[in-house]
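What follows draws every value from the coordinates through simple rules; no lab data is involved. Remember, predicted model here, so these are calculated numbers, not experimental data. Quick reminder, even Gly has a Cβ in these numbers, built from the backbone with ideal geometry, and neighbours come from all protein chains shown.
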Amino acid sequence: MTVDELKTVSVAKSVDARGTACPGPLLEAKKAIGAIKGGDVMEVLSSDEGTKQDIPKWCSKQGHEYLGFVEENGYFKVYMKKK
Amino acid sequence: MQDLEAQIAELQSQIETLQEKVSDLENTNRDQLSIAIVSGDMDKILAAMIISLAAAAMDTKVKLFFSFWALSALRDPKKTAQGKDFISKMFGFMLPKGKNKLGLSKMNMAGMGPQMMKHIMKKKNVMSLDEMFKQAAELDIDIIVCEMSMDLMGFKKEEIIDYPHLSYGGAATFAVDAGQSGAQWFI
């Protein structure tokens with residue numbers, strides 16, 4: 001998805017993992033995705049640069065659809081759709 | 001007609017052979033990570049725990065085999081054990097008592113290094129080893145403690161940390177676990 005599409009996507013759950021470094025955001029994502037339904041979109045807020053590479057890999061392993069990320073001021077949002 | 005029956009029997013036996021091979025393969029290449037952790041250095045235990053947590057977050061089964069110097073990380077500073085002989089007492093005295101007392105493999109600087117490392121980890125929001133073990137327990141990461149090392153260094157089970165998925169085993173336990181794992185490492 002493009003950045004503009006991601007900015008308007010409706011999010012079922014938002015996880016703020018900005019206070020934690022690798023592998024914290026991954027652990028928070030794993031915990032949070034259990035609470036949403038298949039097909040729902042989740043966003044993870046992170047300031048850990050590795051998250052941009054790790055979340056897509058995590059998604060492909062777990063079968064979730066990685067949608068992309070949006071750069072914010074000092075952090076970024078990563079989007080994924082639960083399988 | 002007899003020819004056909006012979007061919008079917010031949011095919012059946014081939015299928016059975018294939019099924020055996022597939023089940024062998026399934027048992028040798030599981031979504032599992034086995035790590036033999038031998039080092040008792042803080043940095044190496046940290047690396048092992050971080051990778052383990054990331055793997056467990058992807059539902060990979062993680063089995064950590066703690067052996068030799070790594071046993072220091074599993075000592076509970078609040079616990080003591082009675083009835084040790086002289087050499088066991090010396091080991092107990094000389095080795096770090098718990099994961100928060102481990103030294104660094106480089107830049108240890110008589111214990112100043114680990115303090116600086118902990119400070120900078122906190123500043124950069126990296127989990128502490130205590131927190132990592134807590135997360136590991138939640139993610140069902142298994143810890144297997146090497147019985148032989150325990151005996152060699154004179155550590156007793158009553159001075160080992162409380163961890164929900166902790167068990168004791170020998171080298172064969174690791175060899176079998178590692179044989180079934182898609183990835184097996186040594187730290």
Ranked from fewest to most other Cβ atoms within 10 Å of their own Cβ, B:8, B:51 fall in the order B:8, B:51
For residue B:78, counting only aspartates and glutamates whose alpha-carbon sits under 17 Å away and dropping same-chain residues fewer than eight positions off, the answer is B:130, B:158, B:159, B:162
Output field shielding_mean for B:49-58 (other chain Cβ, 10 Å radius) holds 5
The exposure ranking of A:26, B:46, B:18, fewest beta-carbon neighbours within 10 Å first, is B:18, B:46, A:26
Classified through the alpha carbon gyration tensor (a ≥ b ≥ c as square roots of its eigenvalues; rounded if a/c is under 1.5, else prolate when a/b is larger than b/c, else oblate), chain B comes out prolate
Taking Cα pairs closer than 8 Å and at least 6 residues apart, the relative contact order of chain A in percent is 35 percent
For region A:3-81, shape from the Cα gyration tensor axes a ≥ b ≥ c, cut at a/c of 1.5 then a/b versus b/c, turns out rounded
Looking only at aspartates and glutamates whose Cα falls under 17 Å of residue B:157's and that sit 8 or more positions away or on another chain, we get B:76, B:85, B:142, B:147
Gyration tensor on Cα atoms of the protein assembly as shown, a ≥ b ≥ c root eigenvalues, a/c under 1.5 rounded, else prolate if a/b beats b/c, else oblate, says oblate
Using alpha carbon centers only, region B:14-57 is separated from region B:65-132 by a whole-angstrom value of 26 Å
Most exposed to least, judged by fewest other Cβ atoms within 10 Å, A:48, B:59, B:85 sort to B:85, B:59, A:48
